[in-house]
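Written below as C-alpha cells is the structure these notes are about.
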Amino acid sequence: NSNSQLPCQAIQLAEQQDEAFVNDPKLWVMFLRAEDFHAKRAAARMIRFFDLKLLLFGESKLCKVITLEDLDPDDIATIKKGIFQTLPQRDQAGRRVDVLFEVNHKWKSPESLVRISVQFRGVKRSIV
C-alpha cells in the first residue's frame, strides 16, 4: 500500500514528482510563519504535512493544491449538512473560531473527518 510510507518518504516522493512544488518559497514561508521562523520546526511541520497529505489523498495529490473536487461524494455531502461552521466573533487573540457539530453524524472513516476539516480550514483561509 503506497499510503503506508515511513516518515520523510512522502516529502521525498513529492520531490521526485514535482521538485518545484516542494521547493516553492511560498510553500516554505507558510511553514516558517507557522513556526515563528524556526527552521527546524518548520521543516518538521512540512514533513508531517506531506505525510498526512499522502495518507489522506494519496500519491497523485501530493504536489497539488487540494480543492473541493478532491473530496469524495460522502465528504461533500457532510460539508453540505453544515457540520462545520465559523463563529462570527473571534477569540481574545483575534483568531477565527471554527466549530464542528457532530451530533448523530456517522463518519465514513476517521480519514474522512480529517480530510473534511483540512479542506474546510483551507477554504475558509482562502475566502476570508
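Computed from the coordinates by the stated procedures, all read-outs in this text should not be read as laboratory data. The structure displayed is predicted, hence computed values, not measured ones. Neighbour counts run over all protein chains shown; Cβ positions are idealised from the backbone, glycine included.
Points worth noting:
- For segment 1-89, projected area of the alpha-carbon convex hull averaged over all directions, nm²: 7.7 nm²
- Distance-filtered residues of segment 9-27 - backbone nitrogen under 17 Å, label point 7 angstrom along K61 Cα→Cβ: 10-11, 14
- Among M46, L68, L32 - extreme Cα towards positive end, dipole of segment 1-86, charges at beta-carbon: L32
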